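These notes concern the structure reproduced below.
The values are calculated or read from the model by the stated rules, or taken from the named source; none is laboratory data. Everything numeric here is computed off the predicted structure, so don't read it as measured data. Cβ coordinates were reconstructed from backbone atoms using ideal geometry, including for glycine residues, and neighbour counts include every protein chain displayed. We work out accessible area using only protein heavy atoms, side chains counted, and drop any ligands, DNA or RNA first. Shrake-Rupley method; radii C 1.70, N 1.55, O 1.52, S 1.80 Å.
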Amino acid sequence: MMKKFNYKNFKRRLINNLLGFHFFRDPYKKLKIIAVTGTNGKTTTATLLYKIATELGYKTALISTVENIIGSRDNIIPHSAKGPGTTPDLTYLNKLLKAAVKYGCEYVFMEATSIASDQDRFAGINFAGGIFTNLTHDHLDYHKTFENYFGAKKRFFQKLGKHAFALTNADDEYGLKMLEGIHAHSFSYGFNQNFDKVLFHGEIKKSSFDGLDLSFNKIDLSTKLLGKFNAYNLLAVWSACSLLGFDMDRVNKIIENIEPPRGRFQHFTSKSGVLSIVDYAHTPDALEKILTAIKEVAEVGLPQKGRIISVFGCGGDRDPLKRPVMGLVGANLSDIAIFTSDNPRSEDPDKILHQMTEKLSPEEIKKVKTIPDRREAIIEAVKLAQKGDVILVAGKGHEDYQEINGVKNHFDDMEELKKLYLE
């Protein structure tokens with residue numbers, strides 16, 4: 001059953017938000033704020049939009065899981081002390097928007113989570129546009145049911161004004177449902193739909209470890225970004241740029257050289273011929289997409305067929321229902337899957353690992369190693385890897401810490417991999 005709308009709570013939050021924005025002199029009125037929502041792809045989509053707008057000469061701000069940037073990269077504002085959080089709380093969000101106005105920004109690209117939508121953190125913000133990427137299993141520890149999760153995303157689009165645009169992924173099961181009964185101008189993008197179904201249509205012409213060759217609305221372009229999931233992110237970005245009236249010839253040239261956000265499919269090849277990848281994939285869908293992309297690209301992009309060795313875990317004090325699903329995905333799509341700790345927080349790592357193996361068959365179990373210590377798990381992956389193999393370390397991406405029993409200890413997946421290969 002969908003979560004019952006609590007009018008009293010909404011009214012209270014709306015009043016608090018309006019008071020907050022009044023206190024900060026209504027900063028949002030001077031900005032074109034575009035929010036990206038969905039289970040996966042929010043950070044990449046928002047960050048790429050920030051990079052393109054900046055390259056085009058616009059003063060732009062980014063509010064994301066990885067970093068908050070006001071204008072240039074010389075002006076990075078740390079996340080709230082209350083926690084990194086994808087979408088800041090009311091007070092901190094206002095602080096960031098006020099800083100964007102002071103800097104003279106015209107655009108703000110930000111991530112918008114379902115939890116923030118459910119808690120009405122956006123009440124009072126006049127968004128210029130909203131982008132939906134996809135909807136898969138996540139945050140059910142908070143929303144309890146998938147219907148509630150969908151409802152929280154849907155409410156964000158229902159609150160967009162009639163002058164805003166709503167851009168959605170038509171290939172996703174829930175994409176077109178996001179556009180039903182909203183006031184904003186509706187648009188969609190996709191690879192599987194016909195031109196008469198979507199305004200923005202994409203085609204993947206080639207996928208390799210050198211990048212992607214794409215066609216968007218029959219316009220050819222190339223990018224260094226890898227994998228089908230990034231093709232979707234780029235099509236969303238390209239579509240949004242078109243709706244914002246950007247110079248698309250220049251946008252196409254920028255896309256050719258653009259780099260992914262930190263911790264999103266970052267990779268390097270060792271002297272021994274092992275490809276190592278670090279990615280933030282921390283949901284079953286994201287893990288499936290990146291492992292599928294590695295398989296697809298490896299078949300044509302590597303000189304010899306190697307094995308995929310994955311290293312990943314599940315966060316403590318978070319949705320336990322996705323743990324056995326993550327385990328199934330990793331075991332099925334990897335040649336060797338090493339289950340390890342993510343951020344165990346206050347939970348017992350061994351308990352989390354046990355839950356990840358609950359649905360595995362005896363054959364699948366044979367492909368799995370369980371190593372609670374994340375550093376030891378990465379060391380084991382490097383020991384096992386041979387020329388032509390691919391190591392994927394997933395789940396933490398850009399994070400440079402591991403939270404255990406309330407203490408954040410420095411830990412960086414890419415740093416660990418490079419240290420092992422340089423020794």
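Write down the percent of antiparallel bridges among all DSSP beta bridges whose residues are both part of the stretch 135-272, to the nearest 5. Provide the component values of the computation, followed by the final result.
Values: 11 of 18 bridges.
Here the antiparallel bridges make up roughly 60 percent for the stretch 135-272.
At 1.4 Å probe radius, can you tell me the per residue accessible area of the stretch 190-256 in Å²?
On the way: 3060 Å² over 67 residues.
In whole numbers, the stretch 190-256 has 46 Å² accessible per residue.
Taking a 1.4 Å probe, which of 296, 364 shows the most accessible area, and what order do the others take after it? Can you show the working numbers first?
Details: 296 90, 364 35 Å².
Ranked from most to least accessible, the order is 296, 364.
When only alpha-carbon atoms count, how far does the stretch 309-377 stretch along each of its three principal axes, as whole angstroms with the largest first?
That works out to 31, 25, 15 Å along the principal axes.
Taking the simple approach of a point 7 Å from Cα along Cα-to-Cβ for both residue 126 and residue 253, what is their distance in nm?
3.5
Between residue 222 and residue 103, what FRET efficiency follows from the Cβ-Cβ distance if R0 is 41 Å, with the result rounded to 0.05? Before the final figure, lay out the partial values.
Working: r = 33 Å, r/R0 = 0.80.
Working from the Cβ atoms, E equals 0.80.
Arrange the peptides 260-266, 275-281 so that the one whose residues have, on average, the most other Cβ atoms within 10 Å appears first. Each step should come with its number before you reach the end.
Details: 260-266: 21.6, 275-281: 26.3.
Answer by packing, highest mean first, reads 275-281, 260-266.
Would you kindly derive the ³J(HN,Hα) couplings of the stretch 57-65 from the backbone phi angles with the Karplus curve 6.51 cos²θ - 1.76 cosθ + 1.60 (θ = phi - 60°), listing them in order in whole Hz, with x for Gly and Pro?
Couplings: x, 7, 7, 9, 10, 10, 10, 9, 4 Hz.
Checking the cross-link filter: which lysines have an alpha carbon closer than 18 Å to that of residue 197, excluding same-chain neighbours under 8 positions apart?
Within the straight-line limit of under 18 Å, residue 197 reaches these lysines: 177, 218.
Applying 1/(1 + (r/R0)^6) with R0 = 35 Å to the Cβ-Cβ distance of residue 145 and residue 351, what FRET efficiency is obtained, to the nearest 0.05?
On the way: r = 24 Å, r/R0 = 0.69.
Taking R0 as 35 Å, the efficiency between residue 145 and residue 351 is 0.90.
Take the Cα of residue 269, step 7 Å along the line toward its Cβ, and report every residue of the stretch 180-219 whose backbone nitrogen sits under 18 Å from that point.
207-213
If the limit is 20 Å between Cα atoms, which of 42/154; 42/295; 30/102; 289/419 go over it?
On the way: 42/154 16 Å; 42/295 23 Å; 30/102 10 Å; 289/419 27 Å.
Going by Cα-Cα distance, 42/295; 289/419 fall outside the 20 Å limit.
Between residue 307 and residue 361, what is the label-to-label distance in nm when each label sits 7 Å out along the Cα-to-Cβ direction?
Using points 7 Å along Cα→Cβ, the separation is 2.0 nm.
Note the full-extension length gain between residue 205 and residue 386 as 0.36 nm times their separation in residues minus their Cα-Cα distance, in nm to one decimal.
Numbers: separation 181, 0.36 × 181 = 65.16 nm, distance 3.04 nm.
The span from residue 205 to residue 386 would gain 62.1 nm if fully extended.
For the pair residue 162/residue 409, report the inter-label distance in nm, with labels modelled 7 Å from Cα in the Cβ direction.
5.8
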